[in-house]
Amino acid sequence: MYFLAANNEAYTGWYIGIAIGFLIVTVVVILVGMILSQAARIGHQALDGIELMDEARDASLPVWDLQLINVSATSIWRSAENARKLLMEKR
């Protein structure tokens, strides 16, 4: 009997250590799960943001076309001024 009692006392530390280790591993697994969940959420939000930015870019493309229209209009205006000067000189 003494042998069994001494043997159980010797393993008590091991049982406590295993329980603490199990608790730590459980907490780490829960934290990693939460981190991965948040990372997935952020990833989905980033994809939504990319879609919205693409829509905004597509919606603002006509503004950039205004610059091309301005260049064309300026070119037409200058050509008309030059034609007017030539016509005035020939009079």
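Things to note:
- D58 vs. criteria modelled with pLDDT of 95 or more and either among the charged types (D, E, K, R) or not in a helix (DSSP H, G or I) (or both): no
- A40 surrounded by 10 or more Cβ atoms within 10 Å (Cβ to Cβ), of a type in the set (G, A, S) and modelled with pLDDT of 90 or more: yes
- Boolean, E81 is surrounded by 10 or more Cβ atoms within 10 Å (Cβ to Cβ), in a helix (DSSP H, G or I), among the charged types (D, E, K, R) and over 26 Å from the mean Cα position of the chain (by Cα): yes
The values are calculated or read from the model by the stated rules, or taken from the named source; none is laboratory data. If you're wondering where the values come from, they're calculated on a predicted model, not measured in any experiment. Backbone-built Cβ (ideal geometry, glycine too); neighbour counts: all protein chains shown.
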